[in-house]
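A short reminder: the numbers here are calculations on the coordinates, not readings from a lab. Because the structure is predicted, anything quoted here is derived from the model rather than measured. Here the Cβ positions follow ideal geometry from the backbone for every residue, glycine too, while neighbour counts run over all protein chains shown.
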Number of protein chains: 2
Amino acid sequence: MPKLSEKARKLLEKPVIGHLVTLMPDGSPQVSPVWVDTDGEYLLVNTAEGRIKPRNVRNDPRVALSATDPDNEYTGILQIRGKVVEVTENGARDHIDKLAKKYLGKDKYPFHQPGDVRLILKIKPEHVSGGVPD
Amino acid sequence: MPKLSEKARKLLEKPVIGHLVTLMPDGSPQVSPVWVDTDGEYLLVNTAEGRIKPRNVRNDPRVALSATDPDNEYTGILQIRGKVVEVTENGARDHIDKLAKKYLGKDKYPFHQPGDVRLILKIKPEHVSGGVPD
């Protein structure tokens, strides 16, 4: 499996907005902005039970994500195609807090709703291009 | 057909990066950052002959696009699903110059390559949510 390049990992260390595509039941695409990070191998996106994204990826795991480097908007472009290999509650509450720290500078995610079940979408990258420019 | 809301049009007047999804021949999604504007009814994206996007949309016209308002990144979110109803060279050179003005402040698009055939992808929005926040 292709590893994330150093350039891709560097871009994902920044608080960049990823645009995550999932497929609707009829095969048409749906895309929305997400917080994203990586464990060095997989992309990790946090969502919640009942949302359109987990519903879609359970039906068809094929996804894509693009992002631009806010410091280099025209040359720092990341494009990934891959598959969701796991949808899990395990560690998802800690993970959304980690993302809140990265994106908002807060120790705890401030937007929890009662009854929310957080989920991690674990994405295996299959095609990767771009990242932080040289 | 759903009209673009006032909020959506206002966001598209800004030089926001759109993330445009097309479908690969196997139905998997591909997404990349694009310049985008609107004639008030359709979304207009400029590309060039030979690129992956025109190839994909001639095969399957279903697309999606998301963007965030740089002035309101968490509340100014635009999400569109729709179809490419036309791929045309007509007006595409003028259109890329118009986009260069919007995005770069330049009267002429500075990145033309010899032999480039510019194309407009004319996108009919079918589902629209978000835009500039109230």
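When the Gaussian network model of chain A links Cα atoms closer than 10 Å, the mean-square fluctuations of A:Pro33, A:Pro110, A:Pro15 top out at A:Pro110. Straight-line reach from B:Lys102: taking Cα to Cα under 18 Å and skipping same-chain neighbours fewer than 8 places apart, the aspartates and glutamates in range are A:Glu73, B:Glu13, B:Asp37, B:Asp39, B:Asp69, B:Asp71, B:Asp94.
How many angstrom lie between the C-alpha centres of the range B:61-134 and the range A:1-47? Spelled out, the Cα-based centre of one part sits 22 Å from the other. Based on the Kirkwood radius over alpha-carbon pairs, what is the Stokes-Einstein translational diffusion coefficient of the range B:1-94 at 4 °C with 1.567 mPa s viscosity, in µm²/s? Rounded, D is 93 µm²/s. With its label point put 7 Å out from Cα toward Cβ, A:Gly115 sits 6.0 nm from the same residue's point in the other copies, in order from shortest.
For the range A:38-88, run through the trypsin sites (Lys or Arg not before Pro) and keep only the ones in DSSP coil with at most 14 other Cβ atoms within 10 Å of their Cβ.
Numbers: sites: A:Arg51, A:Arg55, A:Arg58, A:Arg62, A:Arg81, A:Lys83; in loops: A:Arg51.
For trypsin sites (Lys or Arg not before Pro) across the range A:38-88 that sit outside H, G, I, E and B with at most 14 neighbouring Cβ atoms in 10 Å, the list reads A:Arg51.
Computed from label points 7 Å out along Cα-Cβ, the spacing between A:Asp39 and A:Thr75 is 3.4 nm.
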